[in-house]
Amino acid sequence: MDLNAGPEYKSFREKVVTFLKENSHMAGKGRTPVRPNQDELEWQKKLIENGYAARTIPSEYGGFGAESDVLKSRIIAEEFSQSSIPMGMANQGISMLVPTLLELGTDEQKKSWISKTISGEVIWCQGYSEPGSGSDLASLQTKAIIDGDDFIINGQKIWTSGAQISDMMFCLVRTEPDEPKHKGISYLLIDMKTPGIEVRPLMTMTGHAEFNEVFFTDVRVPKSQIVGKRGEGWYVANATLTHERGMLGDPNQSATRLKEIIDLMQQETVNGEKLIDNPVYLDRLMRLQARVLSMSFNSLRLLTASHKKLDAKMAKLIVKLNSCQLNQDLAGFAIDLLGELGTIYGKSNHDHGSGKWQWKYMFDLGLIIGGGTAQIQKNIISEAGLGMPREPKPMAEGKK
Amino acid sequence: MEFALSEEQEILSESVRKMLEDNIDIDLLRNHSKGDDVIRGNIRQLVVEMGLPGILIPEEFGGSGLGVLEAALIAEEFGRYAVPTPWIGNSVMAPIALLYEKGNSLSEKWLPLIASGEITACVSLTEAVGKRSNAGLSSKDSKVTGTAIFGLDGELNPRIIITVLEDNLILIDTEKPGVTISEIPTIDSTRPVVEVVFDSVDFEIIPGGKDAIQKTIGVGRVLLAADILGASANMISNAVEYSLERKQFNRVIGSFQAVKHMCAEMAADLEPCKSLLWYAAYAQDNIREEAALLSCHVKAHLSEVGQDTARTSTQVFGGMGFTDLLGMHYWFKRIGLSRQILGGPEKVRQEAARLQGFLS
């Protein structure tokens with residue numbers, strides 16, 4: 001354990017702070033799937049130029065091209081979080097597709113897509129889940145058959161966030177129907193403007209359509225748009241699922257929420273008493289603070305492990321499960337603090353930003369379910385982490 | 001920056017674990033719980049031979065001069081094996097108290113004796129954490145009278161008692177007349193706690209005032225948390241191991257998701273505690289402004305996680321967990337004691353809030 005940052009890091013932190021002071025007026029609000037406008041594209045460009053976004057992406061692909069330095073990444077994340085400024089653009093293309101292409105894409109694919117993706121010029125959606133294939137993702141049925149130089153795709157995807165604003169989709173399709181389920185899948189890059197693709201918004205419990213269903217009818221995709229080989233899509237996708245679970249487990253998000261809650265408690269009064277002076281609420285706050293601290297130290301541990309190229313094992317396996325639940329518990333606490341006002345969900349004179357917490361509280365439930373349900377996470381933790389066996393397959397239906 | 005244990009720290013952990021693995025088992029805990037003095041002496045001997053009582057004591061006083069993190073790693077192993085021998089009071093809190101102000105005559109006199117294992121020190125700070133109406137000390141004519149309760153590490157005829165009188169830590173030499181030590185029966189037989197009655201006894205003030213009290217309590221809390229971490233980890237690994245042997249419905253019970261998910265939840269709750277503990281222990285020596293807050297958080301959080309782990313892992317064993325045969329209850333009870341010593345979770349969280357200026 002050595003948490004001392006050398007002088008190099010001190011001055012690096014100062015540099016970040018100065019940058020934020022001078023430029024934060026340009027920052028967007030970090031909105032969820034809305035296509036970036038011109039200002040936001042400018043901001044992203046500025047962040048990349050200064051090394052605060054796409055930091056370790058090689059410069060030949062439009063990134064900043066810095067050496068991986070966990071402490072610097074950490075400093076950037078901390079300072080952005082401290083000033084409540086969203087880190088550069090975060091979307092599935094940047095956090096999931098780009099790392100996958102860097103690892104498994106052809107030169108051609110890297111050159112075509114990485115730069116445009118990190119700049120925000122090309123927006124991606126993810127086509128994994130299907131109505132019949134959720135936790136059992138590998139059972140997916142969307143079919144791709146070869147016809148000349150193309151694949152022809154038929155089927156349906158669901159839970160596709162941002163499909164309505166996306167240019168491209170990275171998608172799992174079944175190309176080898178006769179192979180075992182994990183070995184019959186391929187990973188394709190699909191232009192969303194291709195004829196035969198229909199996007200229908202999927203209204204959720206939040207009252208918004210954060211997700212979509214996407215229907216494919218005889219959609220033609222050039223054979224060159226495959227990442228990895230035919231039948232290797234499952235392994236390609238697993239490379240990105242790891243990245244998604246990392247993205248859903250960003251500890252700075254919890255720290256930012258905690259900070260907002262403390263601000264709320266210091267401002268809001270009920271019966272003339274500030275919420276922060278109520279010992280019962282304070283006890284809940286302290287419980288949550290300990291969890292936030294634990295997860296943020298856990299992430300420091302992961303950073304060090306990844307820097308040393310060590311497998312952090314259990315410390316890594318638990319991140320998605322814990323962080324999503326922690327975030328929702330934070331939102332739930334904020335609602336309780338607001339009491340009746342916490343139920344407001346729409347424009348009102350009495351609103352104290354409570355609609356925001358209600359939305360988070362509901363949307364987080366979606367995140368607990370999505371990206372590998374909490375139950376699937378527990379299977380992974382017990383199997384990969386604790387060495388417990390897989391649940392045996394039930395006997396075929398009809399057999400007794 | 002490196003958020004990981006160093007190679008030396010890993011080696012220290014492993015060597016302590018190996019020594020305990022070779023020497024401590026359920027039968028020993030069982031015999032110890034019957035008050036077997038030979039066993040107490042033998043385990044103490046092992047710990048002294050490894051030089052562990054001097055871990056925090058500077059080399060000039062015969063110790064190895066290591067830090068709170070190293071002491072916490074040892075505490076974690078002691079928790080894992082439910083080691084029934086003085087540790088947190090004698091080898092950690094007493095040296096921390098005596099070292100708070102450098103160059104005092106008390107440390108020169110007593111630290112070499114603690115380091116060499118010639119004496120043990122018992123520490124009771126209950127008075128500074130939660131005053132009780134039928135305990136507490138007062139002084140008259142430079143002599144102390146009263147009762148100090150929940151003294152840690154007082155089971156081996158301690159030569160010195162460190163406790164609290166008003167705003168100071170004081171030290172009492174038990175060879176002076178008027179000191180009576182008796183064990184308080186608690187759930188946890190692996191760590192006897194004592195009551196010390198003083199009847200007009202000579203005492204000396206340990207320099208450092210309130211700050212020394214707070215620092216000693218803070219480090220004590222980190223160490224108790226470390227003990228809970230080790231004890232909980234042991235309960236989980238034993239539960240998992242048992243679930244892979246025990247069969248029902250022609251399957252090992254560890255293949256049922258109901259059981260797997262209990263184990264996964266315990267592991268998911270416990271794993272981040274390790275990082276919290278490392279940070280909190282490191283802060284005691286290196287990040288002064290965060291030390292007290294982190295000691296509160298790590299103590300409260302591990303108390304909660306430890307309690308859940310103790311309950312859930314016992315359930316994984318089913319009826320066997322409830323019996324005395326497997327002996328898992330020694331850890332269940334050890335966690336139960338650690339939770340309350342030096343402040344239960346609510347008390348400690350209140351302090352965490354106050355330290356951040358939230359409670360006036």
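The values are calculated or read from the model by the stated rules, or taken from the named source; none is laboratory data. Keep in mind that this is a model prediction, so the values were computed, not measured. No Cβ is skipped: glycine too gets one built from the backbone with ideal geometry, and neighbour counts run over all protein chains shown. These area figures cover heavy atoms from the full protein model, side chains too; ligands, DNA and RNA do not enter into them. Shrake-Rupley method; radii C 1.70, N 1.55, O 1.52, S 1.80 Å.
Yes/no per residue for (1) part of a helix (DSSP H, G or I); (2) more than 17 Å from the chain's Cα centre (by Cα); (3) within 12 Å of chain A (Cβ to nearest Cβ):
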{"residue": "B:E271", "(1), (2), (3)": "yes, yes, yes"}
{"residue": "B:Y279", "(1), (2), (3)": "yes, yes, yes"}
{"residue": "B:V298", "(1), (2), (3)": "yes, no, yes"}
{"residue": "B:S303", "(1), (2), (3)": "yes, no, yes"}
{"residue": "B:Q307", "(1), (2), (3)": "yes, no, no"}
{"residue": "B:T312", "(1), (2), (3)": "yes, yes, no"}
Identify, by number, the condition in (1) in contact (Cβ under 8 Å) with a residue 60 or more places away in the chain; (2) under 21 Å from B:I43 (Cβ atoms); (3) among the β-branched types (V, I, T) that B:I181 doesn't meet. (1)
Options A:Q82, A:Q126, A:Q44: the member that is under 29 Å from A:S296 (Cβ atoms) and in contact with a strand residue (DSSP E or B) (Cβ under 7 Å, 6 or more places away or on another chain): A:Q126
Being free of Cβ contacts under 8 Å to residues at least 60 places away in the same chain and open to solvent by less than 10 Å² (accessible area, probe 1.4 Å) is true for just one of B:I55, B:I114, B:I119. Which residue is that? B:I55
For A:D351, which of the numbered conditions (1) at pLDDT 90 or above; (2) farther than 17 Å from A:W159 by Cα fails to hold? (1)
Quick test of your reading of the structure: A:K316 fulfils all but one of (1) open to solvent by less than 70 Å² (accessible area, probe 1.4 Å); (2) of a type outside the set (S, T, Y); (3) assigned to a helix (DSSP H, G or I). Name the failing condition by number. (1)
Looking only at region B:166-206, count how many residues are part of a loop (DSSP other than H, G, I, E, B), of a type in the set (A, V, I, L, M, F, W, C) and surrounded by fewer than 17 Cβ atoms within 10 Å (Cβ to Cβ). 1
Residue list for region A:277-286, restricted to those being facing chain B (nearest Cβ under 7 Å) and either among the charged types (D, E, K, R) or touching a residue at least 60 places away in the same chain (Cβ under 8 Å) (or both): A:D283
Among (1) modelled with pLDDT of 95 or more; (2) facing another protein chain (nearest Cβ under 8 Å); (3) over 20 Å from the mean Cα position of the chain (by Cα), A:T304 falls short only on (1)
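Just to be sure before I move on: is B:Q315 out of contact with any strand residue (DSSP E or B) (no Cβ under 9 Å at 6 or more places or on another chain), polar (S, T, N, Q) and under 30 Å from B:G130 (Cα atoms) in the structure I sent? Reasoning before the result, please.
Details: out of contact with any strand residue (DSSP E or B) (no Cβ under 9 Å at 6 or more places or on another chain): yes; polar (S, T, N, Q): yes; under 30 Å from B:G130 (Cα atoms): no.
Spelling it out, it is not the case that B:Q315 is out of contact with any strand residue (DSSP E or B) (no Cβ under 9 Å at 6 or more places or on another chain), polar (S, T, N, Q) and under 30 Å from B:G130 (Cα atoms).
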Given (1) outside the structural domain of B:H297 (by TED's automatic domain parsing); (2) in contact with a Cys (Cβ under 7 Å, 6 or more places away or on another chain), number of the condition B:R191 does not satisfy: (2)
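Determine whether A:A290 is away from chain B (no Cβ under 14 Å), assigned to a helix (DSSP H, G or I) and under 15 Å from A:K259 (Cα atoms). Full working, then the answer.
Values: away from chain B (no Cβ under 14 Å): no; assigned to a helix (DSSP H, G or I): yes; under 15 Å from A:K259 (Cα atoms): yes.
No; evaluated as a whole, the condition is false for this residue.
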Being in contact with a Ser or Thr (Cβ under 7 Å, 6 or more places away or on another chain) and more than 14 Å from chain A (Cβ to nearest Cβ) narrows B:I24, B:I43, B:I57, B:I88 down to just B:I43
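Given the condition part of a helix (DSSP H, G or I), modelled with pLDDT of 85 or more, touching a Pro at 6+ places or on another chain (Cβ under 9 Å) and of a type outside the set (S, T, Y), answer yes or no: does some residue in region A:43-53 qualify?
So far as region A:43-53 goes, yes, one or more of its residues are part of a helix (DSSP H, G or I), modelled with pLDDT of 85 or more, touching a Pro at 6+ places or on another chain (Cβ under 9 Å) and of a type outside the set (S, T, Y).
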State yes or no: is A:A144 on the phi < 0 side of the Ramachandran plot, of a type outside the set (F, W, Y) and over 19 Å from the mean Cα position of the chain (by Cα)? yes
Name the residue that is nearest to the chain's Cα centre (by Cα), counting only residues in region A:218-236 that are surrounded by fewer than 16 Cβ atoms within 10 Å (Cβ to Cβ) and closer than 18 Å to A:P177 by Cα. A:Y235
Check region A:149-156 and report whether any residue there is in contact with an Asp or Glu (Cβ under 7 Å, 6 or more places away or on another chain) and open to solvent by 40 Å² or more (accessible area, probe 1.4 Å). yes
Can you find a residue that is touching a residue at least 40 places away in the same chain (Cβ under 8 Å), more than 24 Å from the chain's Cα centre (by Cα), buried (at least 16 other Cβ atoms within 10 Å of the Cβ) and more than 14 Å from chain B (Cβ to nearest Cβ) anywhere in region A:340-356? yes
Only residues that are in a helix (DSSP H, G or I) and open to solvent by 40 Å² or more (accessible area, probe 1.4 Å): list them for region A:62-86, please. A:S73, A:E78, A:Q82
Does region A:159-179 contain at least one residue that is of a type in the set (V, I, T), touching a residue at least 12 places away in the same chain (Cβ under 8 Å), surrounded by fewer than 23 Cβ atoms within 10 Å (Cβ to Cβ) and closer than 26 Å to A:I48 by Cα? yes
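Taking the criterion of being among the charged types (D, E, K, R), more than 14 Å from every other protein chain (Cβ to nearest Cβ), part of a helix (DSSP H, G or I) and open to solvent by less than 20 Å² (accessible area, probe 1.4 Å), would at least one residue in region A:321-338 satisfy it? Quick ask: steps written out before the conclusion?
Step one: filter region A:321-338 for residues among the charged types (D, E, K, R), giving A:329, A:336.
Checking the rest, the ones that are also more than 14 Å from every other protein chain (Cβ to nearest Cβ) come to A:336.
Still in the list and also part of a helix (DSSP H, G or I): A:336.
Checking which are open to solvent by less than 20 Å² (accessible area, probe 1.4 Å) leaves us with none.
Within region A:321-338 (the criterion being among the charged types (D, E, K, R), more than 14 Å from every other protein chain (Cβ to nearest Cβ), part of a helix (DSSP H, G or I) and open to solvent by less than 20 Å² (accessible area, probe 1.4 Å)), the answer is no, since none of the residues qualifies.
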Any residue in region A:127-137 that is outside any loop (DSSP other than H, G, I, E, B), open to solvent by less than 10 Å² (accessible area, probe 1.4 Å) and closer than 14 Å to A:L97 by Cβ? yes
Filter result for A:I276 (in the same structural domain as A:W357 (by TED's automatic domain parsing), open to solvent by less than 20 Å² (accessible area, probe 1.4 Å) and not in a loop (DSSP other than H, G, I, E, B)): yes
Could you tell me how many of the residues in region A:87-112 are open to solvent by less than 40 Å² (accessible area, probe 1.4 Å) and under 20 Å from A:K46 (Cα atoms)? 6
Scan region B:219-264 for residues that are buried (at least 17 other Cβ atoms within 10 Å of the Cβ) and part of a helix (DSSP H, G or I) and report the count. 32
Scanning region B:2-21 residue by residue, the ones that are farther than 21 Å from B:S64 by Cβ, open to solvent by 60 Å² or more (accessible area, probe 1.4 Å) and within 14 Å of another protein chain (Cβ to nearest Cβ) total 1
Among the numbered conditions (1) within 14 Å of chain A (Cβ to nearest Cβ); (2) under 18 Å from the mean Cα position of the chain (by Cα); (3) part of a helix (DSSP H, G or I); (4) touching a residue at least 60 places away in the same chain (Cβ under 8 Å), tell me where B:S275 comes up short. (2)
